[in-house]
Amino acid sequence: MKHIHQTQPSLPLSSEPAISSSSHLIHSDIGAWASVGPNNKILESQLGDYTYTMDDVTINYAEVGKFTSIASHVCINPVDHPMDRVTQHHMTYRRAAYGFADGDDQEIFDWRRGSRVTIGHDVWIGHGAIVMKGVDIGTGAVVGSGAIVTKDIEPYNVVVGVPAKPLKRRFPQEVVDQLLKIAWWDWPREILEERFNELNDLSAFIRKYG
């Protein structure tokens with residue numbers, strides 16, 4: 001993994017992921033042509049090829065597909081506190097830092113890992129959105145700015161609000177079915193380069209590759 005200071009995905013990229021020097025990644029994998037913006041915190045997560053994050057993004061325990069766009073101040077899978085204990089404070093499981101024990105309570109961290117978030121390909125998550133634990137966001141979906149996603153989102157659906165609710169579908173179902181069948185996001189780089197100029201004409205694209 002190569003660490004490069006970068007603030008915008010519009011800067012020159014390469015097959016090596018570009019990761020801002022101000023971001024903190026723990027046990028995470030970042031794909032080719034991907035970009036991680038400034039002040040990100042990414043924990044035990046995977047970001048697919050070409051996916052990018054802007055500034056101040058937090059991602060915990062998540063699988064993010066390819067070509068996904070994550071705006072600034074997004075939080076994916078904010079971690080829970082144990083509400084069934086006398087206190088919710090993290091001293092009860094980050095015990096070593098407070099001098100209450102030699103080690104931490106790993107049961108809590110395993111509990112958090114059990115509620116992963118899955119985000120498909122070509123998803124757009126708007127500024128300040130929050131994706132709660134265990135949610136599955138389908139390929140091609142859009143999450144509006146400031147939305148709080150508490151339930152799964154179907155492919156190519158647009159959701160907005162608190163809690164997030166469907167606003168509309170990007171395309172008719174027959175078009176969605178064709179795009180999912182084509183799965184252009186899995187094309188190798190050479191095919192993507194060859195067909196790149198066709199990505200802006202949906203009707204022609206479906207006719208040719210559907």
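The values are calculated or read from the model by the stated rules, or taken from the named source; none is laboratory data. In this text, all values refer to a predicted model and were calculated from it rather than measured experimentally. Methodologically, a virtual Cβ is constructed for each residue, glycine included, from the backbone with ideal geometry; neighbour enumeration extends over all protein chains shown. SASA here: full protein model, heavy atoms, side chains in, ligands and nucleic acids out. Shrake-Rupley method; radii C 1.70, N 1.55, O 1.52, S 1.80 Å.
When 57, 79 are screened for being of a type in the set (Val, Ile, Thr) and in contact with a helix residue (DSSP H, G or I) (Cβ under 8 Å, 6 or more places away or on another chain), only 79 passes.
With respect to being open to solvent by 40 Å² or more (accessible area, probe 1.4 Å) and either modelled with pLDDT under 95 or of a type in the set (Asp, Glu) (or both), residue 24 falls outside the description. For the residues 182, 130, the requirement of being under 23 Å from residue 48 (Cα atoms), without any contact (Cβ under 8 Å) to a residue 60 or more places away in the chain and open to solvent by less than 40 Å² (accessible area, probe 1.4 Å) singles out 182. No other residue among 20, 28, 14 is small (Gly, Ala, Ser) and out of contact with any Ser or Thr (no Cβ under 8 Å at 6 or more places or on another chain) apart from 14.
Given the criteria at pLDDT 95 or above, surrounded by 15 or more Cβ atoms within 10 Å (Cβ to Cβ) and among the polar types (S, T, N, Q), does residue 200 qualify?
no
Residues that are touching a residue at least 60 places away in the same chain (Cβ under 8 Å) and β-branched (Val, Ile, Thr) do occur in the stretch 135-156. Within the stretch 51-94, take every residue that is at pLDDT below 95 and of a type in the set (Val, Ile, Thr) and give me the one that is nearest to the chain's Cα centre (by Cα). Among them, the one singled out is 79.
Checking each residue in the stretch 149-174 for being surrounded by fewer than 17 Cβ atoms within 10 Å (Cβ to Cβ) and not charged (D, E, K, R) picks out 150, 161, 162, 163, 166, 167, 171, 172, 173. When residue 192 is tested against the conditions (1) among the aliphatic types (A, V, I, L, M); (2) under 21 Å from residue 50 (Cα atoms); (3) part of a strand (DSSP E or B), the lone failure is (3). Read through the list (1) within 14 Å of the chain's Cα centre (by Cα); (2) touching a residue at least 40 places away in the same chain (Cβ under 8 Å), then give the number of the only condition that residue 115 fails. Residue 115 satisfies every listed condition except (1).
Filter the stretch 74-90 down to residues that are of a type in the set (A, V, I, L, M) and surrounded by 12 or more Cβ atoms within 10 Å (Cβ to Cβ) and give me whichever is farthest from residue 113 (Cα to Cα).
The extreme case among them is 74.
For the stretch 16-33, a residue qualifies if it is more than 12 Å from the chain's Cα centre (by Cα), among the hydrophobic types (A, V, I, L, M, F, W, C) and over 19 Å from residue 73 (Cβ atoms), and the qualifying residues are 18, 26, 32, 33.
Candidates 97, 147: the one that is of a type in the set (A, V, I, L, M) and over 15 Å from the mean Cα position of the chain (by Cα) is 97. Among the residues examined, residue 140 qualifies as small (Gly, Ala, Ser), crowded, with 17+ Cβ neighbours inside 10 Å and touching a His at 6+ places or on another chain (Cβ under 8 Å).
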